[in-house]
Amino acid sequence: MTHSLNEINALAKRAARGAGMSWGMAEETGKACRWLASHDLPALTLLADLLYLNDGVAHDQIAPATLTGAWAATSGTMCPLASGAALSDSADRLAAGDVIEMCGLSHPLFIMPFAAWAALYLGAPVSVRWMQTECRSDGHMLSCAGPTDQIGTQTATTVTCARVAQMPDAARAPALRASPCLQALERLNALA
């Protein structure tokens, strides 16, 4: 069964809010899930895992402690939604040619929507790398290269984000509908 991207957005936002996120972070979460789902990525499965992982943990424990040098959280595991919001706010650093490094990032695929929005701001593609995986986006198109099992990895020791010159030829355009996993829908509806 397919779902509209608006349904994906709404469910993700309600589940994030039900899990205790602020309204602003819940909005960002919904938009991020919509973007990932539009590229046929397991947005809701990753979100369900992430919300249960961060259940009861204070936001300041999983957000980047500082935006200078390598980003890390005081808990040792950084939330990609909190880090993604900081990445969007740091797009000027990417424009200047800086590479942003994140340490101990959970569910690194969730950084991609924020990197895509930074790419729109820059007018240039942005690359996100973890382990042997590289994903690139110009804001609309997406290209992922590397082992398939690393796309949904739960924690990456190091993730880097940087502006790049071009998109690969294999980049794909977003779809209009998504087919989320039934179990993820059930888990998120329970939180919502």
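Quick notes on this one:
- Whole-number D in µm² s⁻¹ for region 112-183, Kirkwood Cα-pair radius fed into Stokes-Einstein, 10 °C, 1.306 mPa s: 123 µm²/s
- Taking amide H as placed 1.01 Å from N in the peptide plane, the amide H of T155 sits under 5 Å from that of H107, each at least 5 places away or on another chain.
- Using a probe of 1.4 Å on the protein chains alone, the accessible area found for V128 is around 0 Å².
- In this label model, M1 and A145 are separated by 3.9 nm, measuring between points 7 Å along each Cα→Cβ vector.
- GNM top mover of G56, G146, G104 - the chain, alpha-carbon springs below 10 Å: G56
- Most simply put, the chain has about 90% antiparallel DSSP beta bridges, counting only bridges with both residues inside it.
- Full-stretch length increase - D55, E134 - with 0.36 nm per residue and alpha-carbon distance subtracted: 25.6 nm
- Of the DSSP H helices in the chain, those whose Cα atoms cover at least 20 Å axially and whose Kyte score averages -1.0 or more: 23-38
- Estimated 222 nm signal from helices in the chain, with DSSP H stretches of n ≥ 4 weighted -39500 (n - 2.57), rounded to 500: -12500 deg cm²/dmol
- Computed extension length for T160-D98: 21.3 nm, one decimal, from 0.36 nm per residue of separation with the Cα-Cα distance subtracted.
- Tail weight of P(r) past 17 Å, computed on alpha-carbon pairs of region 22-112, percent: 48 percent
- Highest-MSF residue in the chain out of A116, A156, A65 [GNM, Cα springs under 10 Å]: A65
- What the pair-distance distribution of region 1-155 shows, using all Cα-Cα distances binned every 10 Å from zero, is 11, 43, 38, 7, 0 percent.
- Extent along principal axes [Cα atoms of region 6-53; Å; largest to smallest]: 27, 21, 13
- Computed with a 1.4 Å probe over protein heavy atoms only, the accessible surface of the chain comes to 46 Å² per residue.
- When the chain is treated as a GNM with alpha-carbon contacts under 10 Å, the residue of M112, M102, M167 showing the greatest mean-square fluctuation is M167.
The values are calculated or read from the model by the stated rules, or taken from the named source; none is laboratory data. None of the values given here were measured: they were computed from a predicted structure. Every residue, glycine among them, receives a Cβ derived from its backbone with ideal geometry; neighbour counts consider all protein chains shown. What goes into the accessible areas is simple: the full protein's heavy atoms, side chains included, and nothing from ligands, DNA or RNA. Shrake-Rupley method; radii C 1.70, N 1.55, O 1.52, S 1.80 Å.
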